[in-house]
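Note sheet for the following structure.
The values are calculated or read from the model by the stated rules, or taken from the named source; none is laboratory data. Since the structure is predicted, the reported quantities are computational estimates derived from the model, not experimental observations. Please note: Cβ atoms are built from the backbone with ideal geometry, for glycine as well, and neighbour counts cover all protein chains shown.
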């Protein structure tokens, strides 16, 4: 929950100036809901896509203050985050809540970016893979592996978000490989084509080493996405 209209304009102008449709990497921004119309106006027709930070699992109804997938689609969104760690920890979204949001995104022709990851306590107890598998299975068991055809997964170790801590490239790669191997065991094509992003204090200094890992396909950038200079330093590691 950062920003203002002026900040958003400055950020988007900077990203447009510092990136190109010829770059090999895709760029997506996820502004707060009040700035989606502004984002649509600035980015329409450009190489940069945009998305929502969450969505309500219902298509419509008496849900004051909520936003549906259809509304996001109306604003030109191609993507939406589901299950971000802050949604899970602060707002109590369960694995099943996240699964319903994932399906609502697909029903609205949006690409869900499913966020998974463990807390520091869970990592220290050796539960990382069990936690990530549980979060993935909440979607797979309910909607099947085919639900991931148009999805993206973002591994965000909760202990490395906004703390300055970052998983080592080897730690991040191990979890990314686990995610890809799990989905590949269910469908080799989907598992092979799936994009798995790393999110957890990614910055211009560590991005290149993280993205060089064989199963890390890009980043879900947090604080470093608030200025064009910092965001582009990360983007250049894959662009």
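This table checks each residue for (1) under 28 Å from residue 117 (Cα atoms); (2) more than 19 Å from the chain's Cα centre (by Cα); (3) loosely packed, with under 14 Cβ neighbours inside 10 Å.
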{"residue": "12", "(1), (2), (3)": "no, no, no"}
{"residue": "16", "(1), (2), (3)": "no, yes, no"}
{"residue": "21", "(1), (2), (3)": "no, yes, yes"}
{"residue": "41", "(1), (2), (3)": "no, yes, yes"}
{"residue": "62", "(1), (2), (3)": "no, yes, yes"}
{"residue": "85", "(1), (2), (3)": "yes, no, no"}
Got a sec? Which of 52, 3 is closer than 26 Å to residue 237 by Cα, surrounded by fewer than 17 Cβ atoms within 10 Å (Cβ to Cβ) and touching a helix residue (DSSP H, G or I) at 6+ places or on another chain (Cβ under 7 Å)? 3
So which helices (runs of 4 or more DSSP H) are wholly in region 1-109 and hold at least 3 residues that are closer than 26 Å to residue 159 by Cβ and touching a strand residue (DSSP E or B) at 6+ places or on another chain (Cβ under 9 Å)? 85-90, 95-107
Are there any pairs with C-beta distances below 6 angstrom linking a residue in region 129-145 that is without any contact (Cβ under 8 Å) to a residue 40 or more places away in the chain and on the phi < 0 side of the Ramachandran plot to a residue that is surrounded by 15 or more Cβ atoms within 10 Å (Cβ to Cβ) and part of a helix (DSSP H, G or I), with the two at least 6 apart or on different chains, and if so which? 131/122
Among the numbered criteria (1) touching a helix residue (DSSP H, G or I) at 6+ places or on another chain (Cβ under 8 Å); (2) within 25 Å of residue 147 (Cβ to Cβ); (3) modelled with pLDDT of 95 or more, which single criterion is violated by residue 18? (2)
